[in-house]
Amino acid sequence: MTIDWSWIGDHTDDLTTLTVSHLQAALSAVFFGLLISLPLAVIAHRVRPLRGFLLGLSNVLFTIPSIAIFVLLLPVSGLTRTTTVIGLTVYTLVVLLRNTVEGLDSVPVKTKEAAKAMGTRPLRTLLTVELPLALPVIMAGVRIATVMSISLVSVATYIGDGGLGQLFTDGFQRNFPTPVIAGVVLTLLLAVVADALLVAVQYALTPWTRRRA
Amino acid sequence: MYELFKDLGAWLTSGDQWSGYDGIAHRLAEHLQYSLLATLIATAIGLPLGLLIGHTGRGAFIAINLASFGRALPTVGLVVLVFLASGLSMWPVYIALVALAVPSIVTNTYAGMTAVDPDVKDAARGQGMRWHQVLFQIELPLALPLIMTGLRLALIQVVATATIAAYVSFGGLGRYVFDGLAQRDLVQVMGGAVLVAVVAITLDLALSGVQRFLFRHRPA
């Protein structure tokens, strides 16, 4: 199995387009996943009876195979990018929801009481005290969700999308390994770079955790 | 939409659909065979590795990186790559499924081992237990709930991903998904997808039942 370097040289534009499209699908999923998880996590954290239900629901959704989610969405959104993003978003929920709830749980009660005693309103306490303190755990979830999404985008190649996953179908149909190797390497590279960037973001956003360490 | 679900119901319940070589019963058996064998191989590799890393405390860095590497590795790409290298054989399916399952098993086993109270291990050693006694009589039983969680997670992922066997011309429930996509037969595609989801959820519930039964005397 040899790599045809001239193919890669001839297709740098295609590879760039696919990489951008791949990243866009994965990041959209994490973005919408956060948009859904944050309010749900706050509800699960405050309203105990709903907690088990919401976490259980996200667990059940996670057991549905990714290819099945994409396929089941076909009657709703067809062979489009929307289907890809909805499917991936569903997958990010299990990690994002669980980690956000755990993050909110990890905020010391005394800190919340102190905020209350100082007359901070509940919403303000949530935004300026609880969420920032929960950030390390939430960010751990964001990192897992991002890496997972980047790897899963290629499954959407079966429904005609899939970013770099299209290279796998292409290589498979033509019995030509180079695009497949390029696709695997670029996917891994995207995941590593995205993960490193998120670590840097977390480092910049949580200066107080550094002093302790 | 209603018509589609009616057709789907008819597809899933018709007797013809369940019998024969391309019948649901046979495809289901194939799917379970791929999934269980792959999970078994992955356990044989991942469990000792996780126990070793957890017991010695060495190689944790490698284990954690292996896990995130495993999460990032696109299974479709791996299957196609092994297929192109090995030709028509079961290797691509099993290599991809095992590669998918090993990280979950290793990280959860390792997590279970590190969660064992060091005082308990010290007490065991203080009583003169040898390393293998500490490992098998103290650490392993205490780490077992998390190890089981890892096995469950791995099995779910493998069952869901075993659809991929059909992509490289083998059987399993993925057959319906890929044949349906090729024939533009949405009912067949959705039928396959529903079956895979049902198998995954059923196995997960069954294993969590086993887990709850095994640990019924332990405080949560």
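The values are calculated or read from the model by the stated rules, or taken from the named source; none is laboratory data. These figures come from a predicted structure and were not determined experimentally. A quick note on method: Cβ atoms are made from the backbone with ideal geometry, for glycine too, and the neighbour counts reach across all protein chains shown. Side chains included, ligands, DNA and RNA excluded: accessible areas come from the protein's heavy atoms. Shrake-Rupley method; radii C 1.70, N 1.55, O 1.52, S 1.80 Å.
Some values worked out for this structure:
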{"read-out": "Region A:1-35, residues that are open to solvent by less than 70 Å² (accessible area, probe 1.4 Å), aliphatic (A, V, I, L, M) and over 26 Å from A:ILE181 (Cβ atoms)", "value": "A:VAL30, A:LEU34"}
{"read-out": "Hey, A:ILE159 at pLDDT below 95 and open to solvent by 40 Å² or more (accessible area, probe 1.4 Å) or not", "value": "no"}
{"read-out": "Qualifying residue in region B:100-108 (condition: open to solvent by less than 60 Å² (accessible area, probe 1.4 Å), within 14 Å of chain A (Cβ to nearest Cβ) and under 30 Å from B:ARG184 (Cβ atoms))", "value": "yes"}
{"read-out": "Helices (runs of 4 or more DSSP H) enclosed by region A:1-80 - at least 1 residues per element that are more than 30 Å from B:LEU78 (Cβ to Cβ) and away from every other protein chain (no Cβ under 14 Å)", "value": "A:12-46, A:48-63"}
{"read-out": "Residue ranges of helices (runs of 4 or more DSSP H) in region A:155-213 with at least 3 members out of contact with any Pro (no Cβ under 8 Å at 6 or more places or on another chain) and within 10 Å of chain B (Cβ to nearest Cβ)", "value": "A:165-174, A:177-205"}
{"read-out": "Top-ranked residue of region B:10-44 - restricted to ones that are over 28 Å from the mean Cα position of the chain (by Cα) and part of a helix (DSSP H, G or I), ranked as modelled with the highest pLDDT", "value": "B:ALA10"}
{"read-out": "Residue check, A:PHE176 over 20 Å from the mean Cα position of the chain (by Cα) and free of Cβ contacts under 8 Å to residues at least 60 places away in the same chain", "value": "no"}
{"read-out": "Residue check for A:LEU126: more than 11 Å from chain B (Cβ to nearest Cβ) and either outside any helix (DSSP H, G or I) or open to solvent by less than 60 Å² (accessible area, probe 1.4 Å) (or both)", "value": "yes"}
{"read-out": "Qualifying position, being out of contact with any His (no Cβ under 8 Å at 6 or more places or on another chain), open to solvent by 70 Å² or more (accessible area, probe 1.4 Å), away from chain A (no Cβ under 12 Å) and of a type in the set (Phe, Trp, Tyr), among B:PHE136, B:PHE170, B:PHE215", "value": "B:PHE136"}
